[in-house]
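Okay, structure first, notes after.
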Amino acid sequence: MSFQSEKLGGHMAAAVTGLDLNRLPDRTVRSALLDLLHDNLVLCIRGQTLAPPAFRDAMAQFGSPMLRKQLARTVECAEVNIISSEDRDELGDGRKIVNGANWHTDDSFMREPCSLTMLYGVVVPSRGGDTQFTNMYEAYADLPDDTKARIDPLKVVHKYSSSRKLTHVSTRPAEEMAAMPEATHPLVRTHPETGRKALYLNPNRMERIDGLERTESDRLLDRLIAHSTQARYQYRHVWRQGDIVIWDNRCTMHKANADYPEGERRLMHRVIVAGSVPV
Ligand code: SIN
């Protein structure tokens, strides 16, 4: 089993071709893919045709797939969620919802957020619908030393439905909301595998910086968000049908774009794998 790889963005993202994940990668390939992911933060595996159980099994090579109730799930496989141009806020007002339309990192409202997300382009529109990524290692590294010294010890409260959220989030049953109370995470986290420091922000889920007055907290969060989402830290993935894009939520943020032509369909299958408490 062998594959070819190429860089996609200047400072992050790579693509591999030559793999059919219906055959599970052996240890050497798996470890080479993980190295590529750690070096590039976003890894696209091109040209896949995978039924949901095969997608789940292939992604299980990178971690333990987790169940997520906040999104619809495929009938064939509960660990494979659906992100679709047809998504609606079913339990709320029923209106169309674009999951992930603002910068975010997946799952930060959980105490142990997922480490990786895998998104598989089952149906992609003729144009638009790109996913943008931003490199949170570089965003942190470029901060002035006095800012780093100030923010390194700070912690942030994250909530599923934060008062700072920029978009409508899908309505969840009361018992589910009770099972996902606030989580407090470091503002700067150390990646458990690379040892590198990254800003850990989630504009849609962060409520406040622990110990700061609201105004000061909002000002600092807004400043860090504006800094880390500058074009120079970004990579924009233009989807091809059959792409699986794997990203590392511990050192990136991402955002969906619902800018494809009216009436065109965009259907993604998604798997997330378990992470650990951010430190
Ligand atoms: C997500 O935020 O997980 C979805 C991204 C996308 O649909 O492009």
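Bear in mind these aren't lab numbers, they're just calculated from the coordinates by the rules spelled out. As the structure is a prediction and not an experimental result, all values here were calculated from the model. Every residue, glycine as well, gets a Cβ built from its backbone with ideal geometry; the counts of neighbours run over all protein chains shown.
Modelled spin labels at ARG30 and LYS155, positioned 7 Å past Cα toward Cβ, are 3.4 nm from each other. Comparing SER162, TYR235, THR184 along the charge dipole axis of the chain, the residue lying farthest to the positive side is TYR235, per the Cβ-charge model. Each Lys and Arg adds +1 at its Cβ and each Asp and Glu adds -1 at its Cβ; summed about the Cα centre, the chain shows a dipole of about 100 debye. Working note: 222 nm ellipticity from helices only, DSSP H runs with n ≥ 4, each -39,500 (n - 2.57), summed and divided by the residues of the chain, gives -5500 deg cm²/dmol to the nearest 500.
Diffusion coefficient of the chain by Stokes-Einstein, Kirkwood radius over Cα pairs, 20 °C, 1.002 mPa s: 112 µm²/s. Pairs from the list LYS69/LYS96; LYS165/LYS255; LYS96/LYS165; LYS69/LYS155; LYS165/LYS197 with a Cα-Cα gap above 23 Å: LYS69/LYS155; LYS165/LYS197. Where Lys and Arg each count +1 and Asp and Glu each count -1, what net charge lies around HIS185 among other residues with Cβ under 9 Å from its Cβ? Surrounding charge for HIS185 is +3.
For the stretch 4-274, the antiparallel share of DSSP beta bridges with both residues in that region comes to about 95%.
Tell me, what is the FRET efficiency for ALA178 and THR49 to the nearest 0.05, using R0 = 41 angstrom and their Cβ-Cβ distance as r? Efficiency, from the Cβ-Cβ distance: 0.55. When all alpha carbon pairs of the stretch 1-155 are counted in 5 Å bins from zero, the resulting P(r) reads 1, 7, 13, 18, 19, 17, 11, 7, 5, 1, 0 %. Across the chain, the relative contact order, built from alpha-carbon pairs under 8 Å that are at least six residues apart, equals 33 percent. Paramagnetic label reach from GLU76 (point 7 Å along Cα→Cβ; backbone nitrogen cut-off under 18 Å): within the stretch 240-270, residues 241-245, 267-270.
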